[in-house]
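To start, the structure itself, in structure tokens.
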Amino acid sequence: MTKSKQSLVDSCVLLDVFNDDKDWFEWSSATLFKMASEYELVINIIVFTEIALNFNSHKQLENELGLLGIKMLEIPNEVAFNVSRTFKQYRKNKGNKTSPMPDFYIGEHAKHLGIPLITRDTARYKTYQPKLKLVCP
């Protein structure tokens, strides 16, 4: 069966699973399992980077993602451009970071693709990508 729908997985959800998080493992693993039955699960290089600290090599991480059926997508230039606009809004809202945050790339990528984002860290997404469909607790 080929799944035509995709869902982007936020790094926090994967870290919950990889780290056997005492508070979030159950929700994150159950949600990934449920979503994988309907959607092709995908990540981008930002998520890959954020979860990489848990692994000894990129090959080990790629193998683990393969076991979970998670595919890697490239971030299009249009998404990167839109991140700059999101960051500009963040700065206008008195944000103090000096460069765009990973959540901006992840949210803009999911928004660009028109796909749901599996996350439990919703604050920035709800503020800066309010129309983004979130799968969250």
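All of the numbers you see were taken from the coordinates with simple rules; none came from a lab. For clarity, every value in this text was computed on a predicted model and none was experimentally measured. Here the Cβ is made from the backbone with ideal geometry for all residues, glycine too, and neighbour counts use every protein chain on show.
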Quiz prompt | Between 0 and 90°, nearest 10: helix 25-36 axis offset from the chain longest Cα axis | solution = 90
Quiz item: Under a GNM of the chain (C-alpha, springs under 10 Å), which listed residue has the highest mean-square fluctuation: Ala30, Ala52, Ala80?
Solution: Ala30
Quiz item: Put a dot 7 Å past each Cα toward the Cβ at Asn96 and His112; how far apart are the dots in nm?
Solution: 3.0
Self-check item: Potential extension, Gln89-Thr127 segment - 0.36 nm per residue separation minus Cα distance
Solution: 12.7 nm
Practice problem: Beyond 26 Å between alpha-carbons counts as too far, so tell me which of Lys71/Lys97; Lys34/Lys131; Lys34/Lys126 fall in that bin. | Solution: Lys71/Lys97
Quiz item: Fully extended, how many nm does the chain gain between Lys59 and Ile75 (0.36 nm per residue separation, minus their Cα-Cα distance)?
Solution: 3.7 nm
Self-check item: Charge dipole (debye, nearest 20) of the chain; +1 at Cβ of Lys and Arg, -1 at Cβ of Asp and Glu
Solution: 840
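Among Ser7, Ser28, Ser37, rank each residue by its count of other Cβ atoms within 10 Å, from fewest to most, as a rough exposure measure. Display every interim value, and only then the final one.
Working: Ser7 22, Ser28 25, Ser37 8.
So the ranking, lowest neighbour count to highest, is Ser37, Ser7, Ser28.
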Quiz prompt | Cα-Cα P(r), the chain, percent of pairs per 5 Å interval | solution = 2, 10, 20, 22, 21, 14, 8, 2, 0, 0
